[in-house]
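Remarks on the structure that follows.
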Amino acid sequence: MYIIMLGAPGTGKGTIGAEICKHFNLNHVSTGDIFREEIRNKTELGQLAESYISKGQLVPDEVTIKMVENTLDRMEDVILDGFPRTIDQAKALKEILRGPNKKVTTITTVINLIVPDEDIIKRTSSRVVCSNKKCGASYNPVFLPPKVEGICDVCGSELIRRKDDEPETIKQRLDVYYQNTEPLVEYYESEGILEPIKVDIYSPTTKEDTTAEAIRRIEKHLNK
Ligand code: ADP
Ligand code: ZN
């Protein structure tokens with residue numbers, strides 16, 4: 001099965017995606033994580049990606065599509081987090097799924113997480129992530145605090161703020177989202193696979209509730 005996580009930056013795509021991934025035993029493919037890994041390893045792709053990401057812009061389609069195509073080769077059960085982000089990427093994904101060696105040829109469900117902009121800005125600008133690249137856990141001092149301030153619960157490493165989580169960059173990323181990514185809502189709606197879910201980030205059980213709802217929505221499509 002193929003699941004797509006859609007939603008503005010900071011809506012919890014990564015967190016909820018990881019839970020769905022565990023539940024259905026999928027491969028978690030996050031383009032943001034892949035770019036950050038390339039940046040840490042100072043590869044050519046990493047340097048190119050960083051010049052866009054640090055400004056809150058999208059990495060060019062050509063580069064992103066090629067990277068995803070290589071990653072998805074021979075992968076059958078996948079949750080995509082952060083891809084597609086443009087109509088052209090969505091069209092490219094369609095082509096990738098039609099490729100040789102592919103057993104799964106269609107997208108099962110697109111989960112669209114909906115959070116008001118002002119909540120996104122509040123939440124994202126206070127988020128911290130684990131500095132250990134093998135861990136990558138994400139925390140929020142208000143909604144999901146670590147047990148010890150500045151230290152990862154999972155692995156004990158230091159917690160840091162992502163450069164692109166600065167308030168000015170977040171506003172830029174939201175603009176980019178509305179311009180480039182939001183058209184995908186209509187695109188997937190017309191294919192009958194879109195499942196919008198309103199997320200209440202102030203609820204203490206938001207992670208569990210949103211995960212359970214997303215799983216229910218996916219199961220609806222599996223039984224079709
Ligand atoms: P968020 O969902 O919080 O915006 P991500 O980790 O998904 O964060 O992505 C971080 C950055 O990586 C994006 O702001 C963008 O610059 C780049 N990026 C990730 N996925 C894509 C993509 N599919 N196309 C272009 N750029 C991407
Ligand atoms: Zn950690």
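The values are calculated or read from the model by the stated rules, or taken from the named source; none is laboratory data. Just so we're clear, the structure is a prediction, and the values are computed from it rather than from any experiment. Please note: Cβ atoms are built from the backbone with ideal geometry, for glycine as well, and neighbour counts cover all protein chains shown. Side chains included, ligands, DNA and RNA excluded: accessible areas come from the protein's heavy atoms. Shrake-Rupley method; radii C 1.70, N 1.55, O 1.52, S 1.80 Å.
From the alpha carbon centroid of the range 186-224 to that of the range 18-47 is 22 Å. This model, with +1 at the C-beta of Lys and Arg and -1 at the C-beta of Asp and Glu, gives the range 1-66 a dipole about its Cα centre of some 160 debye.
Computed over the chain, the per-residue total of -39500 (n - 2.57) for DSSP H runs of n ≥ 4 gives a 222 nm mean residue ellipticity of -13000 deg cm²/dmol, rounded to 500. A 1.4 Å probe run over the range 28-87, with the rest of the protein chains in place, finds 51 Å² accessible per residue.
Can you tell me, using C-alpha contacts under 8 Å and at least 6 residues apart, the relative contact order of the chain as a whole percent? Relative contact order of the chain: 28 percent.
Ignoring ligands, DNA and RNA, what percent of the accessible area of the chain is carbon or sulfur (1.4 Å)? In the chain, the share of accessible area belonging to carbon and sulfur is 50 percent. Accessible area per residue for the range 123-218, computed on protein heavy atoms with a 1.4 Å probe, is 58 Å². What does the C-alpha gyration tensor say about the overall shape of the range 97-144? Classify as rounded when a/c is under 1.5, otherwise prolate if a/b is larger than b/c, or oblate. The shape class here is oblate.
Take each peptide in 153-164, 9-20, 46-57, 104-115, count the other Cβ atoms within 10 Å of every residue, and average; sorted highest first, the result is 9-20, 104-115, 46-57, 153-164.
Ordering Thr210, Ile34, Leu93 by Cα displacement along the dipole of the chain toward the positive end leaves Ile34 in first place; charges were set at the Cβ atoms of Lys, Arg (+1) and Asp, Glu (-1). Shown here for the range 72-122: trypsin sites (Lys or Arg not before Pro) in loop regions (DSSP other than H, G, I, E, B) with at most 13 other Cβ atoms within 10 Å, namely Arg74, Arg98, Lys103. Just to confirm my numbers, what's the Cα centroid distance between the range 115-162 and the range 73-99 in Å? That distance is 28 Å.
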